[in-house]
């Protein structure tokens with residue numbers, strides 16, 4: 001299964017958001033990849049909590065939701081916990097400790113993947129020998145009055161996260177493109193090239209002719225001598241989300257690098273001997289690191305980008321008493 005961390009690597013962070021920063025210790029050795037990995041995973045988790053979404057694909061099982069009789073006339077609206085929703089894999093009714101009853105997944109209509117909004121709308125598929133009538137489903141009859149509220153009555157399994165695909169395709173010698181067919185179609189053609197590894201002689205790489213079933217890889221220079229192998233990854237994660245992750249992940253390495261310019265908290269120092277003096281001043285201080293200006297710039301940019309992402313993905317929960 002493809003993962004976001006396949007593309008958001010330490011090399012990606014250093015070559016984009018940390019470009020031009022001295023990323024070595026006082027003895028000249030490079031920083032351990034641990035600091036970059038920790039920063040990237042922490043930034044991903046931060047953005048998931050900030051937007052109320054999951055980025056990597058996950059399989060959710062046994063998620064329980066209450067049933068309110070008042071929701072019957074609204075086709076049982078449910079807001080799933082993990083978003084965006086890719087597909088519902090199971091839908092059951094579970095009353096207390098009784099064995100659950102399967103409901104056809106075709107009854108579960110995902111009306112908003114970004115907000116996890118689903119409704120239970122019966123289709124031509126029957127629910128065994130049960131009926132779907134007034135009151136809470138299955139809770140009716142001459143001897144049992146329909147309940148107004150049943151805790152944990154709906155039990156749902158689903159896949160959540162953003163779609164990601166990866167693979168390797170080979171451009172034939174003498175050709176500049178190859179058509180790629182995805183093993184499983186994406187829901188739409190709104191996806192992006194996540195990463196690509198190829199022979200440098202092939203030049204710039206682009207993807208064209210995007211459809212739900214596949215796309216075309218195109219390079220500048222025709223393949224030759226069997227150098228046309230391209231390892232690729234595509235994702236539906238928008239570039240602005242990845243940009244926010246990069247801005248957040250760069251902050252810790254910037255702090256460390258800033259402290260090592262002249263030493264933690266050292267604003268300036270000077271040396272002299274026999275009338276010859278040399279001094280060095282930095283932007284560091286007791287409360288500011290050497291790369292404080294870039295850090296503040298990244299924080300301002302992150303603060304400017306987040307409202308638009310919250311407007312798209314964040315759900316509003318409210319209640320009336």
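Rounded to whole Å and sorted largest first, list the principal axis extents of the Cα atoms in region 164-223.
33, 18, 17
Taking N as the number of residues in region 149-250, what is its Cα Rg relative to 2.2 N^0.38 Å? The partial results should precede the final answer.
On the way: Rg = 18.1 Å, N = 102, 2.2 N^0.38 = 12.8 Å.
Relative to the 2.2 N^0.38 Å estimate, region 149-250 comes out at 1.42.
Once label points are set 7 Å from the Cα along Cα→Cβ at both residue 181 and residue 66, what is their separation, rounded to one decimal in nm?
It is 5.0 nm.
Between residue 224 and residue 147, what is 0.36 nm times their sequence separation minus the Cα-Cα distance? Round to one decimal in nm.
Between residue 224 and residue 147, full extension yields an extra 20.5 nm.
What is the spin-label model distance, in nm, from residue 34 to residue 58 if the labels are put 7 Å beyond Cα along the C-beta direction?
Placing both labels 7 Å along Cα→Cβ, they lie 2.6 nm apart.
Measuring from label point to label point, each 7 Å out along Cα→Cβ, what is the residue 315 to residue 240 span in nm?
So the two model labels end up 2.1 nm from each other.
Where the centroid of each part is defined by its Cα atoms, how far is region 173-217 from region 1-61 in Å?
Spelled out, the Cα-based centre of one part sits 25 Å from the other.
I'd like to compare 98-107, 209-218, 78-87: which one has the highest average count of other Cβ atoms within 10 Å, and what's the full order after that? Numbers along the way, then the final one.
On the way: 98-107: 14.3, 209-218: 16.6, 78-87: 18.3.
For the peptides 98-107, 209-218, 78-87, the packing ranking is 78-87, 209-218, 98-107.
Bear in mind that the values in this text are calculations on the coordinates, not laboratory data. No experiment lies behind these values; they were computed from the predicted model shown. Glycine also receives a Cβ, built like all others from the backbone with ideal geometry; neighbour counts cover every protein chain displayed.
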